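Report on the following structure.
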Amino acid sequence: MRKTLAGVFAIAIAGLTACSGMDQAGTSTNTPTSAPTTTSESMGNGMTRTGDVFGPGCAGVPQDGKGSLQGMAEDPVATAASNNPLLTKLVAAVKAANLVDTLNSQQAITVFAPADPAFAELGDAKFQELAGNPAALTPILQYHVLPTRYDAKGLQAAKTLKTLAGQDVTIAGSGDSLTVNGAPVLCGNIPTKNATVFVIGKVLTP
């Protein structure tokens, strides 16, 4: 983790909460009431269906149950991620930063979700250090969230987007070669009740 993170670590958890016009216990009000069905067409407004997913990492998503694409589409993003076996480290980080309810209450966001192997680059000692320091961990997690919901086409069109940490990420490539700050998208366009998720191969650093 670069030393430049030190200046960002003072950002309070309230920064993420402020981006939601809802109480943390609230739920989305402008999202579908039922799970998206499998199709090859995007729903627009950054919302996707299970048939829109792409990338080699999608093979690691369970075929059925709560952790499957259909199961994830039924739940808000933090809950959906907790059922995905690719994202156990991310979920642990979100819980350590007390952001589960905050993320679940967002209305329409994009989440870049590092897969478990991405956290291995940090090392267990660094991960545990961050997990024990929510003030340091929160801005890192904020840097993985966009306050607007995008699908892959929307990301490619925008190219540069501001995260909830207040800093930009850069989108490059297309199709199975889509990257976020150089991190490969392993499985993109995953629909959840209130977010579109892109599983990526690196932990992004502000």
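The values are calculated or read from the model by the stated rules, or taken from the named source; none is laboratory data. Just so you know, these numbers come straight off a predicted model, no measurement behind them. So basically every Cβ, Gly included, is an ideal-geometry build from the backbone, and we count neighbours across all protein chains shown. The protein model used for the area step is the full one, side chains on, heavy atoms only, and it has no ligands, DNA or RNA in it. Shrake-Rupley method; radii C 1.70, N 1.55, O 1.52, S 1.80 Å.
In plain terms, the bigger the Kirkwood radius, the slower the diffusion; for region 47-206, with that radius from Cα pairs, at 37 °C and 0.692 mPa s, Stokes-Einstein puts D at 215 µm²/s.
For the set LYS66/LYS162; LYS95/LYS202; LYS66/LYS126, the pairs lying more than 21 angstrom apart at their alpha carbons are LYS66/LYS162; LYS66/LYS126.
With θ taken as phi - 60° and the Karplus curve 6.51 cos²θ - 1.76 cosθ + 1.60 applied, the whole-hertz 3J(HN,Hα) list for region 164-173 is 5, 7, x, 10, 7, 10, 10, 9, 9, x Hz, x standing for glycine and proline. Accessible surface of LEU90, taken over heavy atoms with a 1.4 Å probe and every protein chain present, rounds to 20 Å². Spin-label model, LYS153/SER177: points 7 Å from Cα along the beta carbon direction are separated by 2.1 nm. Placing +1 on each Lys and Arg Cβ and -1 on each Asp and Glu Cβ, with no other charges, gives region 61-168 a dipole about its Cα centre of roughly 280 debye. Based on the Cβ-Cβ distance of ASP168 and LYS126, what FRET efficiency does E = 1/(1 + (r/R0)^6) give at R0 = 25 Å, to the nearest 0.05? So, using R0 = 25 Å, E works out to roughly 0.55.
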